[in-house]
1. State whether the residues of region 91-111 include one that is in a loop (DSSP other than H, G, I, E, B) and under 18 Å from Arg38 (Cα atoms).
2. So the check is Cβ under 8 Å with 6+ separation or different chains; which pairs have a first residue in region 48-59 that's within 14 Å of Glu127 (Cα to Cα) and a second one that's more than 8 Å from the ligand (Cβ to nearest atom) and assigned to a loop (DSSP other than H, G, I, E, B)?
3. Can you pull out the residues in region 65-83 that are out of contact with any strand residue (DSSP E or B) (no Cβ under 7 Å at 6 or more places or on another chain) and either open to solvent by 10 Å² or more (accessible area, probe 1.4 Å) or acidic (Asp, Glu) (or both)?
4. Can you tell which of Ala54, Ala46, Ala81, Ala91 is away from the ligand (no atom under 13 Å from the Cβ) and of a type in the set (Gly, Ala, Ser)?
5. Quick check on my filter: what residues within region 24-48 are touching a strand residue (DSSP E or B) at 6+ places or on another chain (Cβ under 7 Å) and either crowded, with 18+ Cβ neighbours inside 10 Å or over 19 Å from Asp79 (Cβ atoms) (or both)?
6. Given the criteria in contact with a Lys or Arg (Cβ under 7 Å, 6 or more places away or on another chain), of a type in the set (S, T, N, Q), open to solvent by less than 40 Å² (accessible area, probe 1.4 Å) and within 14 Å of the ligand (Cβ to nearest atom), does Ser118 qualify?
Amino acid sequence: MTERTFSIIKPDATRRNLTGAINAVIEGAGLRIVAQRRVKLTTEQAQKFYEVHAERPFYGELVEQMTAEPVVVQVLEGDNAVAAYREVMGATNPKDAADGTIRKSFALSIGENSVHGSDSQDNAKIEIAQFFTDDQIVG
Ligand code: CMP
């Protein structure tokens, strides 16, 4: 079933000029980039986006890292896009990520893991709505 997911190319990747390389992996996996914008997140935006992790010990560092440099926010569309993108990203910790995944190829550490992708259809809708209006997504 065709669906959409939300993606962030994180500061560790934009800093190293990896936006195009990561987009090539995304498109190579059959996902279409139907919306994309480069943005420097405010502390408030990052705190709200990661609010489910607010009680976790890494929350402060996560917000700091996500606001340190620009990110690229994206909407990806394709067959089972949420699961498909999670497979392409690889495990959260790059040490556990499979060969050929974005995190295995590019991530520096569990915190600086190059990309974020939604973990469910419900969260994809919530996350997309935080950054894009319907008319900005062109499928
Ligand atoms: P992401 O998919 O963006 O969602 C939450 C992020 O927290 C995660 O990717 C990691 O980059 C970051 N993070 C940092 N430390 C941890 C940890 N110990 N466990 C899980 N996520 C972590």
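1. Just the residues of region 91-111 that are in a loop (DSSP other than H, G, I, E, B), to begin with: 91-93, 97-101, 107-111.
Now narrow it down to the ones that are under 18 Å from Arg38 (Cα atoms): none.
Scanning region 91-111 turns up no residue that is in a loop (DSSP other than H, G, I, E, B) and under 18 Å from Arg38 (Cα atoms).
2. Phe49/Leu41
3. Residues of region 65-83 out of contact with any strand residue (DSSP E or B) (no Cβ under 7 Å at 6 or more places or on another chain): 65-69, 83.
Of everything in region 65-83, those that are out of contact with any strand residue (DSSP E or B) (no Cβ under 7 Å at 6 or more places or on another chain) and either open to solvent by 10 Å² or more (accessible area, probe 1.4 Å) or acidic (Asp, Glu) (or both) turn out to be Gln65, Thr67, Ala68, Glu69, Ala83.
4. On the way: Ala54 fails: away from the ligand (no atom under 13 Å from the Cβ); Ala46 fails: away from the ligand (no atom under 13 Å from the Cβ); Ala91 fails: away from the ligand (no atom under 13 Å from the Cβ).
When all the criteria are applied, what remains is Ala81.
5. Answer for region 24-48, where residues must be touching a strand residue (DSSP E or B) at 6+ places or on another chain (Cβ under 7 Å) and either crowded, with 18+ Cβ neighbours inside 10 Å or over 19 Å from Asp79 (Cβ atoms) (or both): Ile26, Leu31, Ala35, Gln36, Arg37, Arg38, Val39, Leu41.
6. On the way: in contact with a Lys or Arg (Cβ under 7 Å, 6 or more places away or on another chain): no; of a type in the set (S, T, N, Q): yes; open to solvent by less than 40 Å² (accessible area, probe 1.4 Å): yes; within 14 Å of the ligand (Cβ to nearest atom): yes.
The answer is no for Ser118.
For every residue, the table says whether it meets (1) under 16 Å from the mean Cα position of the chain (by Cα); (2) of a type outside the set (S, T, N, Q); (3) outside any helix (DSSP H, G or I); (4) at pLDDT 95 or above.
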position: Ile22; (1), (2), (3), (4): yes, yes, no, yes
position: Val25; (1), (2), (3), (4): yes, yes, no, yes
position: Gln45; (1), (2), (3), (4): yes, no, no, yes
position: Lys48; (1), (2), (3), (4): yes, yes, no, yes
position: Gln65; (1), (2), (3), (4): yes, no, no, yes
position: Val72; (1), (2), (3), (4): yes, yes, yes, yes
position: Val82; (1), (2), (3), (4): yes, yes, no, yes
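The values are calculated or read from the model by the stated rules, or taken from the named source; none is laboratory data. The model shown is predicted, which means the values in this text are computed figures rather than measured ones. Quick reminder, even Gly has a Cβ in these numbers, built from the backbone with ideal geometry, and neighbours come from all protein chains shown. In case anyone asks, the SASA skips ligands and DNA or RNA and just uses the protein heavy atoms, side chains included. Shrake-Rupley method; radii C 1.70, N 1.55, O 1.52, S 1.80 Å.
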